[in-house]
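Below is one structure, written out as structure tokens, with a few remarks after it.
The values are calculated or read from the model by the stated rules, or taken from the named source; none is laboratory data. Nothing here was measured: the structure is a model prediction, and the numbers come from that model. Note: ideal-geometry Cβ built from the backbone for every residue, glycine included; neighbour counts use all protein chains shown.
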Amino acid sequence: MPSLAGSVSSARQAPPWRGFSAELQAATAQLRRMALYLTRDGEDAEDLLQETLLRAWAARDRFTPGTSLGAWTRRIMHNAYLGRVLKFSTRFEIEDPQGAIASSLATPATQEWSLALHEVGAGVLALPEADREDLISTAVDGMSYGDAARLRGCSVAAMKSRLWRTRQALKDAGLDASPG
């Protein structure tokens, strides 16, 4: 029968982390799958796995033998992943206690303008063809009154009068197609 002193000295010779190392290696495949699930990228998954294994190894003295090493390392991985996500999301934030920067970046809603543009477009389409062509050639295409008048075979004054009447008809319909 071996002596008590002999068994104590042999226990001291065996490294206390040998069993932990074997269990950690056995959990690596499951941790790799979890890392792929979290990151959705092979390279990021390998980085997260390595970080998890390093953290687990550094904290091996805090692991309670007899409990689930898999659950313990998955918690370490989850915390490491959350740390990365939070670090990335706050990296681009700047302090703006008064809200001055945020208010300068705000853009007004475009729904009203979109609806008004749709209504004006429908009103222009409802115009007689000649009036619609005059309005589009000057207001949209940027043609001068003189060029539009030559195209239609009338004087510049007649073209201005036609455009005034066309715009007035749109205003009377509740639409404003005035330039500027």
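On the given criteria, is D147 surrounded by 14 or more Cβ atoms within 10 Å (Cβ to Cβ) and free of Cβ contacts under 8 Å to residues at least 40 places away in the same chain?
The answer is yes for D147.
Just to check your reading of the model, which residue among A71, A56 is assigned by TED's automatic domain parsing to the domain that holds S21 and either touching a His at 6+ places or on another chain (Cβ under 7 Å) or within 11 Å of L24 (Cα to Cα) (or both)? So that I can check it myself, show each step before the final result.
Working: A71 fails: either touching a His at 6+ places or on another chain (Cβ under 7 Å) or within 11 Å of L24 (Cα to Cα) (or both).
Among A71, A56, only A56 is assigned by TED's automatic domain parsing to the domain that holds S21 and either touching a His at 6+ places or on another chain (Cβ under 7 Å) or within 11 Å of L24 (Cα to Cα) (or both).
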Evaluate the following for R33: is it at pLDDT 90 or above, of a type in the set (D, E, K, R) and loosely packed, with under 10 Cβ neighbours inside 10 Å?
-> no
Considering only region 134-144, state which residues are touching a residue at least 12 places away in the same chain (Cβ under 8 Å) and crowded, with 16+ Cβ neighbours inside 10 Å.
-> D134, L135, S137, T138, A139
Hey, S144 hits all of (1) over 45 Å from the mean Cα position of the chain (by Cα); (2) modelled with pLDDT of 90 or more but one; which does it fall short on?
-> (1)
Near pairs, Cβ below 9 angstrom, 6+ apart or cross-chain, from region 156-176 (in the same structural domain as D131 (by TED's automatic domain parsing) and buried (at least 18 other Cβ atoms within 10 Å of the Cβ)) to any residue that is among the aromatic types (F, W, Y) and assigned to a helix (DSSP H, G or I) | M159/Y145; L163/Y145
When region 45-73 is examined, which residues are found to be among the basic types (K, R) and either free of Cβ contacts under 8 Å to residues at least 24 places away in the same chain or farther than 21 Å from V85 by Cβ (or both)?
-> R60, R62
Entirely in region 68-180, the helices (runs of 4 or more DSSP H) that have 1 or more residues that are closer than 30 Å to E51 by Cβ = 69-91
Do you know which of the residues in region 46-95 that are surrounded by 12 or more Cβ atoms within 10 Å (Cβ to Cβ) and aromatic (F, W, Y) is nearest to the chain's Cα centre (by Cα)?
-> Y81
